[in-house]
Amino acid sequence: MTPQSNPNQQTASQPSSHAAHGNEPPLNQKPISPRIALFGVALVLIAACVLAGYGILSRKHDDRVLADTTNQLAAPTVITANPAMGSPTGSFVLPGNVSAYTDSPIYARTSGYLTHWYFDIGAKVSKGALQADRYSGLVKSDAVSRQDTDTFVSQAAASAAAVKSAQANVQRLKELQSFEKVYAPFDAVVTARNIDTGQLINQGAANELFHLQAIQTLRVYANLPQVYSGSVKKGMKIDLNFVEHPQKTYQGTLVRTADAIDPSSRTLLVEIDVDNRAGELLPGSLAQAHFKTPTTAPTFVVPAAALIFRREGLRVGTVINGNVAHLVPVVIGEDDGATVQIVTGLSAGDLVIQDPPDSLIEGEKLSVESPAKVAVAGGK
């Protein structure tokens, strides 16, 4: 019998045929348009460029912020304030160095051993007082011959010319022998003794025996700022104060000046003489000299800590253009230790750095703080 085809079997076999071709696209799916594909690629490229640009700009911004932060942290922080207006005054105070009117070292004029000294430090001696008596054994060192002296004396009776010659020689020998004694050259106080009994003393200026200072009148030297050099005159009276005599004022006289401005300090050296016959003042001490002079310009008061001492001269640090350091040359007047009076160099609108760092230089960038802001931060 011929087998007959079963329609159900044919229908059941059709899914297997489609399963064998399951990877083929459906016949009704359309291919992607080239324009759409290019648009998609462009979007991807644009997104990549945007991300890359953002990353570059972000890194540049971070580098700039880091550089600005580093510069801000590197800039020294300073506190500024306007200078206070100084009170009009007709006087100012300067330090003065006190020295003896005459200061002299004493040396030996011949060699020998010291046998005795008569005055020690602090002793007051008069002109011509014997200071020291050296060993008189100069005969043994052939500096003086007694036999020659006797010979010259005996020959004096024989000839007048020989007598005069012998007398001259004797006088020379006496003067040579007189070198063994040292006398005070002026009324003074012995301030140093550098020898003792039994020491060998050599002739010359290598070894100082004594040091003498005349203190009946003392010299006080002060450096007057150039701005005041034309207002002081010889003969004017100057009041002097000493820390060891706080309740007493001594009066000195300006006797001479250097008549020249020191180019290193721009000051005029002046000498003030003060009477010290009472012996109350000591050479080598520090005096405060009060000069009376008319005020020629407005003055400003700043803290003493604002002063900057440089080789070029005295400076005060100010701030210009918001955060730039500017060093101003100034001349000071009255100084009370805590504050100083600025005679020239500042104006009322200047921002003065209150406590400048030692390393401050011209044109340096600064981080500026005001006293009020610092006070508020401190209160927190």
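Okay, residues lined up against (1) exposed (fewer than 15 other Cβ atoms within 10 Å of the Cβ); (2) touching a residue at least 60 places away in the same chain (Cβ under 8 Å); (3) outside the structural domain of residue 364 (by TED's automatic domain parsing):
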{"residue": "263", "(1), (2), (3)": "yes, no, yes"}
{"residue": "280", "(1), (2), (3)": "yes, no, yes"}
{"residue": "287", "(1), (2), (3)": "no, yes, yes"}
{"residue": "306", "(1), (2), (3)": "no, no, no"}
What do you reckon, is residue 104 at pLDDT 70 or above, closer than 30 Å to residue 291 by Cβ and assigned to a strand (DSSP E or B)? no
Considering only residues that are modelled with pLDDT under 90, among the small types (Gly, Ala, Ser) and out of contact with any helix residue (DSSP H, G or I) (no Cβ under 9 Å at 6 or more places or on another chain), which ones fall in the stretch 305-336? 313, 322
Lone qualifier among 68, 63 - being surrounded by 10 or more Cβ atoms within 10 Å (Cβ to Cβ), under 30 Å from residue 316 (Cβ atoms), at pLDDT below 80 and not assigned by TED's automatic domain parsing to the domain that holds residue 323: 68
Being more than 16 Å from residue 84 (Cβ to Cβ), in the same structural domain as residue 80 (by TED's automatic domain parsing) and free of Cβ contacts under 8 Å to residues at least 60 places away in the same chain narrows it down to one of 252, 345, 322, 317, so name that one. 322
Residue 353 meets each of (1) within 19 Å of the chain's Cα centre (by Cα); (2) surrounded by fewer than 17 Cβ atoms within 10 Å (Cβ to Cβ) with one exception, condition (2)
Test result for residue 234, assigned to a loop (DSSP other than H, G, I, E, B), exposed (fewer than 12 other Cβ atoms within 10 Å of the Cβ), modelled with pLDDT of 80 or more and not β-branched (Val, Ile, Thr): yes
Does at least one position in the stretch 223-230 carry a residue that is in contact with a Ser or Thr (Cβ under 9 Å, 6 or more places away or on another chain) and modelled with pLDDT under 80? yes
Kindly check whether there is at least one residue in the stretch 15-38 that is surrounded by 10 or more Cβ atoms within 10 Å (Cβ to Cβ), part of a helix (DSSP H, G or I) and modelled with pLDDT of 50 or more. yes
Check off (1) under 19 Å from the mean Cα position of the chain (by Cα); (2) within 30 Å of residue 217 (Cα to Cα); (3) of a type outside the set (S, T, N, Q) for residue 291 and give me the number that stays unchecked. (1)
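The values are calculated or read from the model by the stated rules, or taken from the named source; none is laboratory data. Just so it is clear, the structure is predicted and the values come from calculations on it, not from any experiment. Quick reminder, even Gly has a Cβ in these numbers, built from the backbone with ideal geometry, and neighbours come from all protein chains shown.
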